[in-house]
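Below you'll find the structure, written out as structure tokens, and then a few comments.
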Amino acid sequence: MKLGDPEIPIEVREKQAMAAATPVPAFSRDEVKVIFVLGGPGVGKGTQCAHLVRDYNFVHLSAGDLLRAEQAREGSEFGELISTYIREGKIVPQEITIALLRNAMQDEVKTGRTKFLIDGFPRKMDQAVKFEEDVAVSEFTLYFECTEEVMLHRLLKRGETSGRADDNIESIKKRFKTFVETSMPVIDYYRTQNKVITVPCEKTKEEVYDLLKEKISDRMSI
Ligand code: C5P
Ligand code: MG
């Protein structure tokens, strides 16, 4: 890397070079507030986010919903790829998901909405790192914790009406495996930064929501 004008002192030139090499996210923490929402499949992330949207001024962006919409979009070059990954319970390459999230955030910010719940993301370490480098740094991560037994029950119930290609027992098993092997390390990573709020999710929706509100408001003014 060029170190700039030789007239400028070396320490200043080094600082300039460092700043140029450090990636700057598209949105600063002053412009947007980003909360990641993680937890195993079927834990109730979407349901709890919908409550927060109803009661507070959050924008809810579900990575899974954005991927399913892209998959269904006529003319999408990624449709088939997304559909295969979803059925197999695997994590779609981060470039696709991050581009979808970034576009959706841009549309919202244009209309003045800046508080985001990013649901089902980041599901893999590369998504976490790249999103925070390129798009925005998160405030914290909500981790909805639950046993697989309860999640399985909820997923099979949802599968009766959801029409989702992955709410069947074969896909569910793969999704549980991906969650433990690939997504838990993301939660562990944010734990080391003290950026995880854990919400136990075995109880009813209403009880979980009461606890969730309490825990969020301890951390930020909502
Ligand atoms: O969050 P949801 O259960 O709707 O995600 C459905 C599927 O979408 C996941 O099992 C995975 O295949 C894909 N996905 C992904 N990366 C994300 C979120 C979802 O690949 N960050
Ligand atoms: Mg969901």
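Could you tell me the largest-minus-smallest coordinate of the C-alpha atoms of segment 129-222 on each of the three principal axes, in descending order and whole angstroms?
The Cα atoms of segment 129-222 stretch 38, 32, 21 Å along their principal axes.
If you take the square roots of the eigenvalues of the alpha-carbon gyration tensor of segment 76-184 and sort them as a ≥ b ≥ c, do you get rounded (a/c under 1.5), prolate (a/b over b/c) or oblate? Write down the numbers at each step before the final one.
Values: a/c = 1.74, a/b = 1.54, b/c = 1.14.
Cα axes put segment 76-184 in the prolate bin.
Can you give the convex hull volume of the alpha carbon atoms of the chain per residue, in Å³?
163 Å³
Once segment 19-131 is represented by equal point scatterers at the alpha-carbon sites, with solvent omitted, what log10 I(q)/I(0) does the Debye formula produce at q = 0.11, 0.23 Å⁻¹?
Log10 I(q)/I(0), no solvent term: -0.38, -1.43.
Using the alpha-carbon atoms, what tilt in degrees (0 to 90, nearest 10) does helix 148-162 show relative to the longest principal axis of the chain?
80 degrees
How do 122-128, 159-165 rank on mean C-beta neighbours within 10 Å, highest first?
Going by the mean number of other Cβ atoms within 10 Å, highest first, we get 122-128, 159-165.
What lysines does LYS15 reach when the alpha-carbon gap must be under 18 Å and sequence neighbours fewer than 8 apart in one chain are set aside?
The qualifying lysines are LYS2.
Test of the criteria: in segment 47-112, which trypsin sites (Lys or Arg not before Pro) are in a DSSP loop and have at most 16 other Cβ atoms within 10 angstrom of their Cβ?
ARG73, LYS90
Please compute the net charge surrounding LYS195, taking Lys and Arg as +1 and Asp and Glu as -1 over other residues with Cβ under 12 Å from its Cβ.
Once positives and negatives cancel, what remains is -1.
Helix 63-72 versus the longest principal axis of the chain: what is the Cα-based angle in degrees, 0 to 90, to the nearest 10?
Approximately 80 degrees, to the nearest 10.
Out of all DSSP beta bridges in the chain, what portion is antiparallel? Express it as a percent rounded to 5.
Roughly 5 percent of the beta bridges in the chain run antiparallel, per DSSP.
Take the Cα atoms of segment 111-163, find their three principal axes, and give me the spread along each one in whole Å, biggest first.
If we take the Cα atoms of segment 111-163, the spans are 37, 29, 18 Å.
Round to the nearest 10 and report in Å² the accessible area of PHE27, as given by a 1.4 Å probe over the protein chains' heavy atoms.
PHE27 exposes around 10 Å² with every protein chain in place.
Given contacts defined as C-alpha pairs under 8 Å and at least six residues apart, what's the relative contact order of segment 87-189, whole-number percent?
47 percent
Using 7 Å Cα-to-Cβ label points, what is the VAL24/ILE169 separation (nm, one decimal)?
Inter-label distance under the simple model: 5.5 nm.
For helix 94-110, report the angle its Cα long axis makes with the longest principal axis of the Cα atoms of the chain; keep it between 0 and 90° and round to the nearest 10°.
So the helix axis and the longest Cα principal axis differ by about 80 degrees.
Would you list GLU70, GLU77 from the most to the least accessible area, probe 1.4 Å? Walk me through the numbers before you get to the answer.
Details: GLU70 20, GLU77 155 Å².
The ordering from most to least exposed comes out as GLU77, GLU70.
The values are calculated or read from the model by the stated rules, or taken from the named source; none is laboratory data. Everything numeric in this text was worked out from a predicted model, so none of it was measured. Note that we place each Cβ from the backbone using ideal geometry, even for glycine, and neighbour counts take in every protein chain shown. These area figures cover heavy atoms from the full protein model, side chains too; ligands, DNA and RNA do not enter into them. Shrake-Rupley method; radii C 1.70, N 1.55, O 1.52, S 1.80 Å.
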